[in-house]
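Novice: Got a structure for you, questions after.
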Amino acid sequence: MKNFIRLATSVVVVLTLLLCSAAFSQEADVELPDEPFAAEGDELEALEGADMVIGLEPVMEEAAPAVEVPLPTHVTVSDLPNDDGTGLVVEFEKAPGETEALTYTVSVGAGPDGPWQEIGGFPATKKWKEEARHYYPAFFLFQKGRAGMSKNFHMFVIQELGDNVPLETGVEYFVRLTASVGDVSRNYAEILSATPEEQWFDTGRTNVLIFAVLFGATILYFIARARRDPNLFIRKISGLDAVDEAIGRATEMGRPILYLNGIDTLAALPTLAALNILGRVARRVANYESSLIVPCKDPIVLTVAQEIVKAGYTDAGRPDAYNPDSIFFLTEDQFSYAAGVCGIMMRDKPAANFLMGYYAAESLILAETGADTGAIQIAGTDAVHQLPFFVTTCDYTLIGEELYAASAYLSREPLILGSLKGQDMAKVFMMVMIIVGTLLVTFGIAFIKDFFLALG
Amino acid sequence: MTHLAIILLQNDLAPWQEVMSTFLTEGGMPVLGTWIAAGLTLCMLSFVYKDNPFFRFGEHLYLGISAAYVMTIYWFNFLKPKFVYPLIPVLDPHYGTPEGTSLNLWIIVPGILGVFILMRLIPGQGWFSRITFAFYIGGFTGVALPRIFAGFLLPQFFATMEAIPWRVNSIDSAVLLLNSLILFIGALSVLVYFFFSMEHRGFIGRVSRVGIYMLMIAFGASFGYTIMARVSLLIGRMQFLMFDWIGEEIVARIASLFHGG
């Protein structure tokens, strides 16, 4: 056994030595040719002469075939359209003879002589103008033979100088284009320059303008109609009848009502809708002489909620019953807010919980705790990922737009009512367009879709 | 007091952070920190049983610390660099260097709007805050509208207008057709469900019912997907308790008891 170990050790040592020597010899082979080039002047000449003297033939390497680096014939650099004045765009038609091995590199300098800073590179198979539809809406809309232009034009956007330093508006930048195949590179003959400028109107958003004007006009029309006739029809939203039922039940049980406005800021639409419904709930609570608890996550939402509840109590003729301390700030941190609300649910045992507005990961924690306390729960949110949790744990759930419709249904205010009717008309328009557009696209006629796509 | 003013006004907190990180990473502090974290985790998890004094302690501590933390973030990340320094640039420790903040008097406008909100503290002057809220809501709605149109509404609208591949000559093409029909019918029926100007009766009622079925199927899928994320959070907490707190060795011994090893 010992002999075997010795033998094995010897073999390993020998092999290791062999490998090491092979490695060293390879390194030496690599370094050797450098030596003559390291020598300078006379030494180099002497060495070359020595070679000749001892009669060795100089090793002539087989000449590699000349690498052809194609260059585009016409390159332009211009201000990047539809931007905030921090971009330039390099454009050129595909060079004749482009291959997969060809790469383009774009460098930017402060002057025509550099110094050059490499901004980025791309293979000749990438960065096509047709992929940057947003910047060139008119290009796609008005150019004839769009299909023929497919992948014929390269474009490269320069928006920063590296290290997240953006280009400055109004400053002239010089651009150099280099084409390379392997180690062989060629610069485009001309150094080009352009100045980034900002645009006031983003033509790539023309479709947004068209839709916004159309929808806005429709909504304004229906607001005007709702002002004349506040009884415009809105279908009954299941779950809203439960609001009065829940408040009544809480009153009978002598327990408070908990109302949450969600975790988003006042700028979020679901928060605004939740605050609208809060006004209605506050009026009912004041009528029934019950008590209301509104813990808030956002200080600005808190101040608005206080105003709304106060107005609700005043409208109900019970301003004296309004207690500003029942609408309070908890914290702005999402999960500590959830922990705080759960504590309130467990200790104050509200008989009805309203979870309106926007929610995120805390939705199930809140709704599940509420369900544990036996409270009747009504939720309403447009947070798609949280809706399943509310559907499974709450008695009634206002899904998505029903939250907005609920505030219109309850308040009958012309502004909200008209907005809802206007949105309904927009939906009819979209349904018709989807049916017509899909049928036309199916039969190979894509002009409706292309028209709007080209503008956006 | 002077020290406090320097901490509050100076941008460079590195020396203080270094002192804190040395304190927290040396000696017995990491062990103590793990014990505190594990204790608080158990306090919060005890809520699964029922509301109890441990949970209440954890809850109040969490609320208090988070409120203070958020306030600190507001001061050091927003108020100081974006309001105080642009108004009084000499307070910026980088004053006079290229990184220093330059004077920007436009900041006074949002400053005044902020003061209007504080006017709510003065009885009878709360109406000032409505100006701020009107500006805030109006401004954000204006910003949000094109974003929602361009980012959500129109892309989904155009994506729904896809050609229906009628020609079925393989299983793949049949699946493609089915997928396409589900998208088409699903989108339309859900839109009908959210149409509030007509009563959901008769044909409209049947279509909207299809819409709510579609929604429920989507919610079911979303539910499962989101639950997986929640479970991974729970696993993370359990791993902390088992490996960071109890220790891998002890966990392995306990595990071996169950495996009869």
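The values are calculated or read from the model by the stated rules, or taken from the named source; none is laboratory data. Since the structure is predicted, the reported quantities are computational estimates derived from the model, not experimental observations. Because the Cβ atoms are built from the backbone with ideal geometry, glycine has one as well, and the counts that use them run over all protein chains shown. Please note that ligands, DNA and RNA were not included when accessible areas were found on the heavy atoms of the full protein model with its side chains. Shrake-Rupley method; radii C 1.70, N 1.55, O 1.52, S 1.80 Å.
Novice: One residue is enough: does the range A:271-293 have a residue meeting the conditions surrounded by fewer than 19 Cβ atoms within 10 Å (Cβ to Cβ) and within 14 Å of chain B (Cβ to nearest Cβ)?
Specialist: No: the range A:271-293 contains no residue that is surrounded by fewer than 19 Cβ atoms within 10 Å (Cβ to Cβ) and within 14 Å of chain B (Cβ to nearest Cβ).
Novice: Exactly one of these conditions fails for A:LYS151: (1) surrounded by 15 or more Cβ atoms within 10 Å (Cβ to Cβ); (2) touching a helix residue (DSSP H, G or I) at 6+ places or on another chain (Cβ under 8 Å); (3) of a type outside the set (Phe, Trp, Tyr); (4) modelled with pLDDT under 80. Give me its number.
Specialist: Result: A:LYS151 fails condition (1) only.
Novice: What is the number of the single condition among (1) modelled with pLDDT under 90; (2) open to solvent by less than 10 Å² (accessible area, probe 1.4 Å); (3) β-branched (Val, Ile, Thr) that A:THR381 does not meet?
Specialist: The number of the failed condition is (1).
Novice: Moving to a separate point now. So for the range A:250-264 (the condition being in the same structural domain as A:SER336 (by TED's automatic domain parsing), farther than 22 Å from A:LYS349 by Cα and open to solvent by less than 40 Å² (accessible area, probe 1.4 Å)), does at least one residue qualify?
Specialist: no
Novice: Go through the range B:31-58 and give me each residue that's open to solvent by less than 40 Å² (accessible area, probe 1.4 Å) and more than 9 Å from every other protein chain (Cβ to nearest Cβ).
Specialist: B:GLY33, B:THR34, B:ALA37, B:ALA38, B:GLY39, B:THR41, B:CYS43, B:SER46, B:ASN52
Novice: Does A:GLY400 satisfy the criteria of being more than 25 Å from B:GLU199 (Cα to Cα) and either open to solvent by 20 Å² or more (accessible area, probe 1.4 Å) or of a type outside the set (Phe, Trp, Tyr) (or both)?
Specialist: no
Novice: Moving to a separate point now. So if I check each of A:LEU439, A:LEU364, which one is over 30 Å from A:LEU232 (Cβ atoms), within 11 Å of another protein chain (Cβ to nearest Cβ) and free of Cβ contacts under 8 Å to residues at least 12 places away in the same chain?
Specialist: A:LEU439
Novice: What do you reckon, is A:ILE300 within 25 Å of B:ALA68 (Cβ to Cβ), open to solvent by 10 Å² or more (accessible area, probe 1.4 Å) and more than 14 Å from every other protein chain (Cβ to nearest Cβ)?
Specialist: no
Novice: Could you say whether any residue in the range A:437-449 is surrounded by fewer than 19 Cβ atoms within 10 Å (Cβ to Cβ) and under 26 Å from A:ILE277 (Cβ atoms)?
Specialist: no
Novice: With the structure loaded, tell me whether A:VAL59 is in a loop (DSSP other than H, G, I, E, B), at pLDDT 50 or above, exposed (fewer than 14 other Cβ atoms within 10 Å of the Cβ) and not assigned by TED's automatic domain parsing to the domain that holds A:VAL181 or whether it fails that test.
Specialist: no
Novice: Next question. Output the residue which, of all residues in the range B:164-192 that are within 11 Å of chain A (Cβ to nearest Cβ) and of a type in the set (Ser, Thr, Tyr), is farthest from A:GLU401 (Cα to Cα).
Specialist: Among those residues, the one meeting the criterion is B:SER180.
Novice: Please pick out the residue among A:TYR322, A:TYR359 that is in the same structural domain as A:GLY248 (by TED's automatic domain parsing) and within 36 Å of the chain's Cα centre (by Cα).
Specialist: Step by step, each of A:TYR322, A:TYR359 is checked, and only A:TYR359 is in the same structural domain as A:GLY248 (by TED's automatic domain parsing) and within 36 Å of the chain's Cα centre (by Cα).
Novice: Condition first: open to solvent by 30 Å² or more (accessible area, probe 1.4 Å) and modelled with pLDDT under 90. Can you find one or more residues in the range B:191-198 that meet it?
Specialist: yes
Novice: Just a yes or no: is a residue in the range A:424-431 facing chain B (nearest Cβ under 7 Å), of a type in the set (Lys, Arg) and surrounded by fewer than 19 Cβ atoms within 10 Å (Cβ to Cβ)?
Specialist: Yes, that holds for at least one residue.
Novice: Would you pick out the residues in the range B:59-90 that are open to solvent by less than 60 Å² (accessible area, probe 1.4 Å) and more than 12 Å from chain A (Cβ to nearest Cβ)?
Specialist: Result: B:PHE76, B:LYS80, B:PRO81, B:VAL84, B:TYR85, B:PRO86, B:LEU87, B:PRO89.
Matching residues to (1) open to solvent by 60 Å² or more (accessible area, probe 1.4 Å); (2) in contact with a helix residue (DSSP H, G or I) (Cβ under 8 Å, 6 or more places away or on another chain):
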residue	(1), (2)
B:LEU113	no, yes
B:ILE117	no, yes
B:ILE131	yes, yes
B:PHE140	yes, no
B:ILE148	yes, no
B:PHE157	no, yes
B:GLU162	yes, yes
B:LEU177	no, no
B:SER189	no, yes
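Novice: Any chance the range B:79-95 includes a residue that's closer than 30 Å to A:LEU364 by Cα and of a type outside the set (Ser, Thr, Tyr)?
Specialist: no
Novice: In the range B:94-110, which residues are more than 14 Å from chain A (Cβ to nearest Cβ) and surrounded by fewer than 14 Cβ atoms within 10 Å (Cβ to Cβ)?
Specialist: B:HIS94, B:GLY96, B:THR97, B:SER102, B:LEU103, B:ASN104, B:LEU105, B:TRP106, B:ILE108, B:VAL109
Novice: Any idea how many residues of the range A:316-334 are closer than 19 Å to A:ASP298 by Cβ, more than 8 Å from chain B (Cβ to nearest Cβ) and either of a type in the set (Asp, Glu) or in a helix (DSSP H, G or I) (or both)?
Specialist: Going through the range A:316-334 one residue at a time, the tally reaches 4.
Novice: Please verify whether the range A:314-326 includes one or more residues that are farther than 26 Å from A:ILE416 by Cα, touching a residue at least 12 places away in the same chain (Cβ under 8 Å) and among the aliphatic types (A, V, I, L, M).
Specialist: yes
Novice: Would you mind stating whether A:LYS421 is among the basic types (Lys, Arg), at the interface with another protein chain (Cβ under 8 Å from one of its Cβ atoms) and out of contact with any Lys or Arg (no Cβ under 9 Å at 6 or more places or on another chain)?
Specialist: Spelling it out, it is not the case that A:LYS421 is among the basic types (Lys, Arg), at the interface with another protein chain (Cβ under 8 Å from one of its Cβ atoms) and out of contact with any Lys or Arg (no Cβ under 9 Å at 6 or more places or on another chain).
Novice: Looking at (1) at the interface with another protein chain (Cβ under 10 Å from one of its Cβ atoms); (2) surrounded by fewer than 17 Cβ atoms within 10 Å (Cβ to Cβ); (3) farther than 26 Å from A:ASP450 by Cα, which is the only condition B:VAL251 fails?
Specialist: Failing condition for B:VAL251: (1).
Novice: Could I ask something else about it? Taking the range A:340-359, which residues are more than 19 Å from B:CYS43 (Cβ to Cβ) and either open to solvent by less than 20 Å² (accessible area, probe 1.4 Å) or in a strand (DSSP E or B) (or both)?
Specialist: A:PRO350, A:ALA351, A:ALA352, A:ASN353, A:PHE354, A:LEU355, A:MET356, A:GLY357, A:TYR358, A:TYR359
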